[in-house]
Amino acid sequence: MSKVKLRLLSKQTLFHLSLIVMLGFAWPTRGHADTRVEDFDSIKLYTISNTSGMTIKVTNYGAIITSIMVPDRDGKLADVALGYNRVEDYINAVDKPYFGAIVGRYGNRIAKGAFTLNGEQYSLAVNNGPNHLHGGVIGFDKVVWTAAPVGGENAIELSYLAKDKEEGYPGNLRISVTYRLTDDNAIVVEYLAETDKATPVNLTQHTYFNLQGEGEGTILDHQLMLNADRYTPVDESLIPTGELAAVAGTPFDFTEAKAIGRDIGKEHQQLTFGGGFDHNWVLNAGPQVDGLTLAARVYEPSSGRQLEILTSEPGIQFYCGNFLDGRLQGKSGKPYEHRGGFCLETQHFPDSPNQPNFPSTILEPGEKYESTTVFKFTAR
Ligand code: GLA
């Protein structure tokens, strides 16, 4: 039978905490500039397993998926999600990789951290060059969520109340994210949100995958299909120009599966700006499966593992770990090298609050933000 197991991280964390303090390393305390944790004992790790051999681990710190154990074509399990065993490693990770987290209130960039809504100007933290990224200095990935196993289901619901003016955004925003592990090896992510004041909302899941296993080299041989004829080209600070450009005839064409590394080194201004692929693709309207669009399919030839992503969102940010450089060592002690993982972040387009031609990301009071993304694993 499927089950949700609850395990407290706190004892382990405290042990590591004292060890770290003894060794003289910095430990984030209450009020640490980059995180908001009132009580480290409230941070827990949940294990969810299904009847098909798959197990995921989720913590209520940042609603992070810390581990995804998936069988290969011979049934051999590997952890395909980059991440850590200890919460302090998530907090202290250099360059803020957002491993496995839910990012928000606005996933991706808002130009210069500024937008106007209903005649009012808002200014958000500028935390990525000249721009605002992933909800600010303390986004949803750096706060403690409330977790509740969903009764009778193989699922956990995480909720968070983002207060009015938190990170500069308008409105009290109640969010819930449910992770559900199905017996056919899919992780279903359901997002719900409501606000009491009009606000931009763009939530996404920021897992870095390596289908060979975390820490097992680069993802350049993974074969990627993106169901998108167009993408949103960017300026040098990765803000969309507003154009929806055709991928045909460019390195951005993943309409037929190809190795991620095949065209990544080609001469192309957009690849220079992104340091590789770090762009939003505009998903084609069809085909739809149960009301969701097949957005992406990734196949790893040596293990046979395959990941399919279906979503209700109009876009997907494909980021291929260009900022990883081997300094971060993951849960099994292996360095996460340059392009050692990829993210496929289902979302609305970057900078939508400043781009009148993009689908709106404004949630009004009385409306419901509802979004679903499915990560489905198979092996062949
Ligand atoms: C997103 C961004 C990238 C980078 C990563 C986190 O994918 O588009 O530029 O900031 O998050 O490192």
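The values are calculated or read from the model by the stated rules, or taken from the named source; none is laboratory data. This is a predicted model, so every value here is computed, not measured. Neighbour counts are summed over all protein chains in view; Cβ atoms, including those assigned to glycine, are modelled from backbone coordinates with ideal geometry. Accessible surface is based on the protein model in full, side chains and every heavy atom, while ligands, DNA and RNA are left aside. Shrake-Rupley method; radii C 1.70, N 1.55, O 1.52, S 1.80 Å.
When you look at residue 231, is it within 23 Å of residue 128 (Cβ to Cβ), part of a strand (DSSP E or B) and away from the ligand (no atom under 16 Å from the Cβ), yes or no? Criteria not met by residue 231.
Taken together, 236, 267 contain a single residue that is open to solvent by 50 Å² or more (accessible area, probe 1.4 Å), in a loop (DSSP other than H, G, I, E, B) and within 16 Å of the ligand (Cβ to nearest atom), which is 236.
Filter the stretch 350-365 down to the residues that are in contact with a strand residue (DSSP E or B) (Cβ under 8 Å, 6 or more places away or on another chain) and either without any contact (Cβ under 8 Å) to a residue 60 or more places away in the chain or open to solvent by 20 Å² or more (accessible area, probe 1.4 Å) (or both) and list them by number. Listed by number, the residues that qualify are 353, 354, 355, 362, 364, 365. Within the bounds of the stretch 355-367, is there any residue that is within 13 Å of the ligand (Cβ to nearest atom) and over 30 Å from residue 380 (Cβ atoms)? Within the stretch 355-367, not a single residue is within 13 Å of the ligand (Cβ to nearest atom) and over 30 Å from residue 380 (Cβ atoms). A Cβ distance below 7 Å, combined with a sequence gap of six or more or placement on separate chains, defines the contacts here; from the stretch 84-102, residues that are within 19 Å of residue 213 (Cα to Cα) and modelled with pLDDT of 90 or more reach residues that are more than 15 Å from the ligand (Cβ to nearest atom) and part of a helix (DSSP H, G or I) in the pairs 86/13; 86/16. Name the single residue that is most open to solvent (accessible area, probe 1.4 Å) among those in the stretch 106-125 being over 25 Å from residue 192 (Cβ atoms), assigned to a strand (DSSP E or B) and touching a Phe, Trp or Tyr at 6+ places or on another chain (Cβ under 9 Å). Only one residue tops the list, namely 121. Tell me whether the stretch 136-144 contains one or more residues that are over 19 Å from residue 321 (Cα atoms), open to solvent by 10 Å² or more (accessible area, probe 1.4 Å), more than 14 Å from the ligand (Cβ to nearest atom) and charged (D, E, K, R). Within the stretch 136-144, none of the residues are over 19 Å from residue 321 (Cα atoms), open to solvent by 10 Å² or more (accessible area, probe 1.4 Å), more than 14 Å from the ligand (Cβ to nearest atom) and charged (D, E, K, R). Taking the residues in the stretch 40-73 that are without any contact (Cβ under 8 Å) to a residue 60 or more places away in the chain and over 20 Å from residue 180 (Cα atoms) as candidates, determine which candidate is surrounded by the fewest Cβ atoms within 10 Å (Cβ to Cβ). Checking each candidate, the answer is 41. Condition first: touching a Lys or Arg at 6+ places or on another chain (Cβ under 8 Å) and touching a residue at least 12 places away in the same chain (Cβ under 8 Å). Can you find one or more residues in the stretch 279-293 that meet it? Taking every residue of the stretch 279-293 in turn, at least one turns out to be touching a Lys or Arg at 6+ places or on another chain (Cβ under 8 Å) and touching a residue at least 12 places away in the same chain (Cβ under 8 Å). Right, residue 252: within 16 Å of the ligand (Cβ to nearest atom), buried (at least 23 other Cβ atoms within 10 Å of the Cβ) and free of Cβ contacts under 8 Å to residues at least 40 places away in the same chain or not? Yes.
Selection of the stretch 80-105 for residues being crowded, with 24+ Cβ neighbours inside 10 Å and either within 12 Å of the ligand (Cβ to nearest atom) or part of a loop (DSSP other than H, G, I, E, B) (or both) yields 80, 82, 83, 98, 99, 100, 101, 103, 104, 105.
Please tell me if residue 257 is under 22 Å from residue 68 (Cβ atoms) and aliphatic (A, V, I, L, M). Talk me through it step by step, then tell me what you get.
On the way: under 22 Å from residue 68 (Cβ atoms): yes; aliphatic (A, V, I, L, M): yes.
Taking the combined requirement at face value, the residue satisfies it.
Counting just the residues of the stretch 332-349 that are over 16 Å from residue 275 (Cβ atoms) and touching a strand residue (DSSP E or B) at 6+ places or on another chain (Cβ under 7 Å), which one comes out most open to solvent (accessible area, probe 1.4 Å)? I'd like the intermediate steps shown before the answer.
Step one: filter the stretch 332-349 for residues over 16 Å from residue 275 (Cβ atoms), giving 332-335, 344-349.
Next cut, touching a strand residue (DSSP E or B) at 6+ places or on another chain (Cβ under 7 Å) only: 335, 344-349.
Numbers: 335: 66, 344: 2, 345: 5, 346: 3, 347: 1, 348: 37, 349: 8 Å².
Top of the filtered list is 335.
Here residue 165 clears all of (1) without any contact (Cβ under 8 Å) to a residue 12 or more places away in the chain; (2) closer than 22 Å to residue 40 by Cβ; (3) open to solvent by 60 Å² or more (accessible area, probe 1.4 Å) except the condition numbered (2).
Restricted to strands (runs of 3 or more DSSP E) entirely inside the stretch 134-217, those with at least 3 residues that are touching a Phe, Trp or Tyr at 6+ places or on another chain (Cβ under 7 Å) and under 28 Å from residue 260 (Cα atoms) are 186-195.
Against the condition under 28 Å from residue 60 (Cβ atoms), of a type in the set (A, V, I, L, M, F, W, C), surrounded by 22 or more Cβ atoms within 10 Å (Cβ to Cβ) and touching a strand residue (DSSP E or B) at 6+ places or on another chain (Cβ under 7 Å), how does residue 181 come out, does it pass? Please lay out each step first, then the result.
On the way: under 28 Å from residue 60 (Cβ atoms): yes; of a type in the set (A, V, I, L, M, F, W, C): yes; surrounded by 22 or more Cβ atoms within 10 Å (Cβ to Cβ): yes; touching a strand residue (DSSP E or B) at 6+ places or on another chain (Cβ under 7 Å): yes.
Considered against the rule, which asks whether it is under 28 Å from residue 60 (Cβ atoms), of a type in the set (A, V, I, L, M, F, W, C), surrounded by 22 or more Cβ atoms within 10 Å (Cβ to Cβ) and touching a strand residue (DSSP E or B) at 6+ places or on another chain (Cβ under 7 Å), residue 181 comes out as yes.
For the stretch 184-197, the set of residues classified as touching a strand residue (DSSP E or B) at 6+ places or on another chain (Cβ under 6 Å), open to solvent by 10 Å² or more (accessible area, probe 1.4 Å) and within 30 Å of residue 123 (Cβ to Cβ) consists of 192, 194, 195, listed by residue number.
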